[in-house]
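Below is one structure; the comments refer to it alone.
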């Protein structure tokens with residue numbers, strides 16, 4: 001039995017992970033469930049899976065308790081204790097945002113397999129994450145469909161054989177819109193993703209293409225590729241998840257209908273494959289046609305800003321990620337308009353810079369500084385907008 005701890009179990013990826021595990025209870029055992037403060041939802045999951053431990057990260061949230069055989073905890077240290085527990089084989093990190101960095105490091109330092117959906121932790125502290133895996137003996141198996149695809153295509157090949165990788169992006173709900181069009185879109189429209197069913201943060205990131213920039217930075221750290229060897233294209237059907245081109249010109253791709261349960265299952269069972277009749281069989285006729293487009297950098301500048309932050313290295317990716325988190329929340333709250341999110345992030349990058357990252361404290365310092373800058377930019381933009389309409 002593979003013993004699994006799910007962090008962020010009440011979010012979209014966490015729920016999908018439990019759906020997968022629930023179909024394969026002969027292979028997987030849930031030993032811990034962690035949520036931020038959704039105590040009622042977590043209690044339902046605890047009753048279903050009966051883990052040894054359940055944790056609410058927010059220690060102000062009411063713990064329902066009362067579940068036979070499950071010990072309830074609260075607070076950040078209780079989360080880290082779960083992650084480091086030797087009774088855990090796989091940690092699914094489906095937390096949202098840079099808060100996922102410390103649990104990522106802790107899991108790898110403890111020598112666990114990390115099934116990683118929290119891309120922000122690898123973006124903000126990429127080199128630290130790679131070092132933690134090397135020193136602690138842990139391994140990272142990505143849940144992102146794009147990076148799962150790259151992993152699958154590269155199986156049996158050395159990194160020296162890889163010429164480049166090409167990530168695919170759906171283009172989100174605003175594919176084909178001009179920059180002028182995007183001044184008039186709101187959160188409700190941005191949350192209507194055409195192919196994927198995801199949480200609010202990642203759905204907005206998909207709409208701005210910030211998500212694809214984060215994935216480019218991830219690929220750099222996961223596979224040791226230079227940024228010149230990582231490309232991205234728009235692929236509206238979301239059937240091909242990534243291409244890998246080898247030095248002899250051969251190209252491999254991983255295909256599948258858009259469903260996060262497939263890469264979740266692969267991350268849990270890696271390197272084995274498990275038969276799962278619930279996952280849709282690929283039908284090439286039904287999937288046709290498969291089309292590709294270039295990214296419109298003018299309409300979606302957050303992609304280029306993110307890739308440039310990755311190239312700069314140091315604290316720049318952490319500043320990009322932090323500024324983006326503030327920008328997304330401000331957009332969802334109606335405090336900034338869609339194109340203004342790029343202004344918020346750009347200013348964060350300008351102010352924070354790209355100092356060398358020596359430890360996690362440097363990452364958190366850059367994160368906090370970028371958030372302060374971003375919040376001030378949001379305040380000014382929001383006030384200017386209110387003044388213009390009064």
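Just so it is clear, none of the values below were taken in a lab; they were calculated from the coordinates. Quick caveat: nothing in here was measured; it's all calculated off a predicted structure. Note that each Cβ is placed from the backbone with ideal geometry, even for glycine, and that neighbours are counted across all protein chains shown.
See the values below:
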| quantity | calculated |
| --- | --- |
| Geometric extent, Cα atoms of the range 1-115 - Rg, Dmax (angstrom) | 12.5, 36 |
| Top of 216, 123, 31 by mean-square fluctuation, Gaussian network on the chain, Cα under 10 Å | 31 |
| Paired Rg and Dmax values of the range 235-390, which use every Cα atom, in angstrom | 20.6, 63 |
| Difference of contour (0.36 nm per residue) and Cα-Cα distance, residue 50 to residue 280 | 79.9 nm |
| Computed over the range 1-108: relative contact order in percent, which uses C-alpha pairs under 8 Å that are six or more apart | 30 |
| Sorted by Cβ density within 10 Å, fewest first, the residues 266, 282, 223 | 282, 223, 266 |
| Proxy reagent accessibility, fewest Cβ within 10 Å first, across 1, 260, 341 | 1, 260, 341 |
| For the range 6-56 versus the range 109-131, the gap between their alpha-carbon centres in whole angstrom | 21 |
| Residue 135/residue 380 FRET efficiency (R0 51 Å; Cβ-Cβ; nearest 0.05) | 0.75 |
| Extended-chain gain in nm, criterion 0.36 nm per residue less alpha-carbon gap, residue 308 and residue 159 | 51.3 nm |
| Shape of the range 119-200, Cα gyration tensor, a/c cut at 1.5 | prolate |
| Inter-part distance where the range 174-223 and the range 248-278 are each reduced to a Cα centre, Å | 23 |
| Residue 1-residue 351 FRET efficiency (beta carbon distance; Förster radius 56 Å; 0.05 resolution) | 0.70 |
| Rounded, prolate or oblate (a/c below 1.5 giving rounded, otherwise prolate when a/b exceeds b/c) for the range 294-339 by Cα gyration tensor | oblate |
| Antiparallel bridge percentage (DSSP; both residues within the chain; nearest 5) | 25 |
| Convex hull (Cα only) mean projected area of the chain, reported in nm² to one decimal | 19.5 |
| Residue order, fewest to most beta carbons within 10 Å, for 230, 13 | 230, 13 |
| For a label point 7 Å along the Cα-to-beta-carbon line of residue 272, residues of the range 29-56 with backbone N under 13 Å | 29 |
| Spin-label pair residue 24/residue 127, simplified geometry with 7 Å Cα→Cβ offset, distance in nm | 3.6 |
| Spatial separation of Cα centroids for the range 370-390 and the range 58-106, in angstrom | 35 |
| Sequence-separation-based contact order of the chain, relative, with Cα cut under 8 Å and 6+ spacing, percent | 14 |
| FRET E, pair residue 71, residue 361, Förster distance 41 Å, beta-carbon r, rounded to 0.05 | 0.85 |
